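Only one structure is covered here, and it is reproduced in the block below.
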Amino acid sequence: MTNKKTSAGYFKISSILGVTCYLSAILALPSVHAQQSQTPEVNEKSAGNASQISDVIQIFGDKNALETATGSGFVLNESTLEQFEFDDIHRVLQSVPGVYIREEDGYGLRPNIGLRGATSERSSKIALMEDGVLIAPAPYSAPAAYYFPNVSRMTQLEVFKGPSAITYGPNTVGGAINMLSRSVSANDSGELDLALGQQSYGKAHGHYSKNFDNLGIMIEGVHLRADGFKTLAEEDNTGFVKNEILAKAHYDFTDDPYNQQIQIKIGYSEEVSHETYLGLTDSDFSEDPYQRYAASQNDKFDWEHLQMQASHYIELSPDMTVLTQLYRRDFNRDWDRLSGFDSNRSIDSILSSPETGLNARFMQIIKGEVDSLTSDETLIFSLNDRTFYSQGIQSKLTWESSLGDADMTVDAGLRIHQDQVERLHRARYVDMLSGQLVYAGQADKVETSNKDTTTAVAAFVNTKIQLGNLHTSFGLRLESIDGESNDYVLQTVQNNDDTVILPGAGLFYQMSPTLGILAGVNKGFVPNSPGEESNIEPEESWNYELGLRANIASWQLEAIGFFNDYSNLKGSCTFSSGCTIELDVEFNGGEVDIYGAELSASGNFSFAKGLDMPIKIAYTHTQSEFQTSFNSTFSQWGNVTIGDELPYLPENQFNLQVGLAGEKWQVDLAYKYITEMSEASGTGVELEGVMTSDISQIDLAAWYQINESLRLYSKLDNLTDEVNIVSRRPFGARPGKPRQFVLGAKYAF
């Protein structure tokens, strides 16, 4: 493989040439389209066509497509997202079956999301997208979701599992989550949303759209903050501040027979959070779950994110459309935090046995109760700086046709992508003196200095055929991946490449007007990161599903069984997974079976005087088993034997949402129950046999429409103030968010 500069230069040149050729081809099209209908008036066109780009980037274009989809899917529309006014993506997704969450900070700042058993660690094994574009900092080189957009500005979330996951990639073992940002409104309008709450919570969210003939412009800003719910002796603020501003411009070409549209999106966001990887011992958690140890007093996460995206839509014929998107994302993060002691004694082992031998002394230092006296008692404060970019061009062609008596839709896509992560991790040595961390006088030590770059070409074709009551889909995805890893400490360069073909197929058969059956199979895949050893295999699986979908009276029901047959499951060693050595190294887990069932139901009861009671139910049952025995140094696996279960996969998850709505008001209650989860697999590993808490939690929300423009709302998260150990990773027991009351108002203009 060529060196990084040459590769990056080639990528940029080829991208520019590709865009130039694409635009040239469009401009060369004939000026008259004989089969195109008459162009509507400008105002009607703005209202009717401004959403074409948004429609194409949706996984599900409309409700009927969801009901007859050949795979399992879930859509959360704007009214659903506003129902509880959640800012935490974990809480937003808790009503979706087949989604697994591992909480960490209580606010969802750095989400851990898994689908269909795919490891939830930093959401690194699912395809995360905004407006159809991958949003991980470096989706191939370093997919861990240290960046996540404000869910407050999204107008729709789509969760997809099953055969059509091959359309999105590169990760296809679990599924895809696509978030739709706000479109430019066809009317001059806006809204202001202000809220205050406990923990010094504050939200200011506003957006405004302005139209100039065929040009529409929208600007949106979000400010979120909270002082946090944990306490430090010398610092009360353990919370965060997030800011985001986004601008869109949408242009419809006048009297264009091809209905061409161009959209530009530019956004900047930033976050400063006083978060930590340091948790508590179980005994200290029982005494006060919201305390923080003195050794975490300087921990801080600071990031900036810039996104630029240009989209072009064209109707080549009444039956054929093309959407092309050019994108670039830059993400810079500084994660300064306690890492451990300058000894071979890990934080994890100290917290697991805080009263054993010298561990008692180290615990006193962590709490700031005694001073550091020896070199072994010096603490290491890690300065972890990383710079990412993700860029590319992708195009999707949709062709609607017929095949005999059958209707056929063919989606074909191509993506040329490059991403990179550059790491600089330094160890700073500090002593605990009188409860304060003081510089120890030693020079900082560079522990990691490297750069990983991946260039990937991905293509897919997916054909949907409807013949009467039978809906089928057949697809293939191709991933050609070239990676390069430069280690500046060891002065080594490693190259790796992989090419894989991923098939998928599904069907839905409507047996009666109210009942249908679906089935599907697809090849799951997660690529290796650059620089991995040759003995590390990509994560691969065959995923199967079989289910029923029914519509009875006002109720929609779905029951799906799934089976994911892994030929190799991977574990990734990161700080957030509890690793302190062998960072960014991947581990083979061999054959694993993950299987279970997903149930969902939604409906409405109507009463006299215009009252309605909407109800939504979601349930997931999951089992997992290693199919091989092995010994591993991965922090979440130990000496694994056949039949051991995977960590952080709850056996049962249940969610119930019940509302009561009148003409101008609504009250909603959400209840979730999650059974305990194993913290580690096998024996001979830290947290062996340790489980998280069962989680039983209630959220309450209400709104009242005062007039056409003004709405008041309130919410009470964790109504009964439940206290649970949601995880003991990265290091120590961690609580969820305590009860929080928020009061807000929305003004539309």
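The values are calculated or read from the model by the stated rules, or taken from the named source; none is laboratory data. Predicted model only: the values in this text are computed from it and were never measured. All Cβ positions, even for glycine, are placed from backbone atoms using ideal geometry, and neighbour counts span all protein chains on display. Please note that ligands, DNA and RNA were not included when accessible areas were found on the heavy atoms of the full protein model with its side chains. Shrake-Rupley method; radii C 1.70, N 1.55, O 1.52, S 1.80 Å.
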Spans of strands (runs of 3 or more DSSP E) in the range 623-740 with at least 1 residues hydroxyl-bearing (Ser, Thr, Tyr) and open to solvent by 20 Å² or more (accessible area, probe 1.4 Å):
665-674, 695-705, 710-717
Hits in the range 325-337 (condition: of a type outside the set (S, T, N, Q) and open to solvent by 20 Å² or more (accessible area, probe 1.4 Å))
Leu326, Arg328, Asp330, Asp334, Asp336
What number of residues in the range 493-506 are surrounded by fewer than 17 Cβ atoms within 10 Å (Cβ to Cβ) and of a type in the set (A, V, I, L, M, F, W, C)?
2
Kindly establish whether Met308 is touching a Leu at 6+ places or on another chain (Cβ under 8 Å), open to solvent by 10 Å² or more (accessible area, probe 1.4 Å) and in contact (Cβ under 8 Å) with a residue 40 or more places away in the chain.
no
Out of Ser576, Ser602, Ser567, report the one residue that is among the polar types (S, T, N, Q) and part of a helix (DSSP H, G or I).
Ser576
Only unsatisfied item for Thr155, checking (1) β-branched (Val, Ile, Thr); (2) crowded, with 23+ Cβ neighbours inside 10 Å; (3) touching an Asp or Glu at 6+ places or on another chain (Cβ under 8 Å), is (2)
Report whether or not Glu400 is open to solvent by 60 Å² or more (accessible area, probe 1.4 Å), farther than 30 Å from Ala294 by Cα and either touching a residue at least 24 places away in the same chain (Cβ under 8 Å) or not β-branched (Val, Ile, Thr) (or both).
yes
Every residue from the range 450-492 that is under 30 Å from Ile380 (Cβ atoms), surrounded by fewer than 16 Cβ atoms within 10 Å (Cβ to Cβ) and in contact (Cβ under 8 Å) with a residue 40 or more places away in the chain
Val489
Being open to solvent by 70 Å² or more (accessible area, probe 1.4 Å) and either of a type in the set (A, V, I, L, M) or not in a strand (DSSP E or B) (or both) is the filter here; which residues of the range 605-621 pass it?
Phe607, Ala608, Lys609
Within the range 181-243, strands (runs of 3 or more DSSP E) holding 2 or more residues that are under 17 Å from Tyr107 (Cβ atoms) and open to solvent by 30 Å² or more (accessible area, probe 1.4 Å)
215-226
Answer yes or no as to whether Asp407 is more than 20 Å from Arg333 (Cβ to Cβ), open to solvent by 20 Å² or more (accessible area, probe 1.4 Å) and modelled with pLDDT of 95 or more.
yes
Top-ranked residue in the range 338-356 [being open to solvent by less than 20 Å² (accessible area, probe 1.4 Å) and not β-branched (Val, Ile, Thr); ranked as modelled with the lowest pLDDT]:
Asp348
Answer with yes or no whether Glu85 is charged (D, E, K, R) and either modelled with pLDDT of 95 or more or over 24 Å from Gln636 (Cα atoms) (or both).
yes
Could you please let me know if Arg386 is within 33 Å of the chain's Cα centre (by Cα), open to solvent by less than 60 Å² (accessible area, probe 1.4 Å) and of a type in the set (Lys, Arg)?
yes
The range 683-698, residues that are of a type outside the set (Gly, Ala, Ser) and within 15 Å of Gly638 (Cβ to Cβ):
Thr683, Val685, Glu686, Leu687, Glu688, Val690
Given (1) farther than 21 Å from Phe160 by Cβ; (2) assigned to a strand (DSSP E or B), Val489 misses just (2)
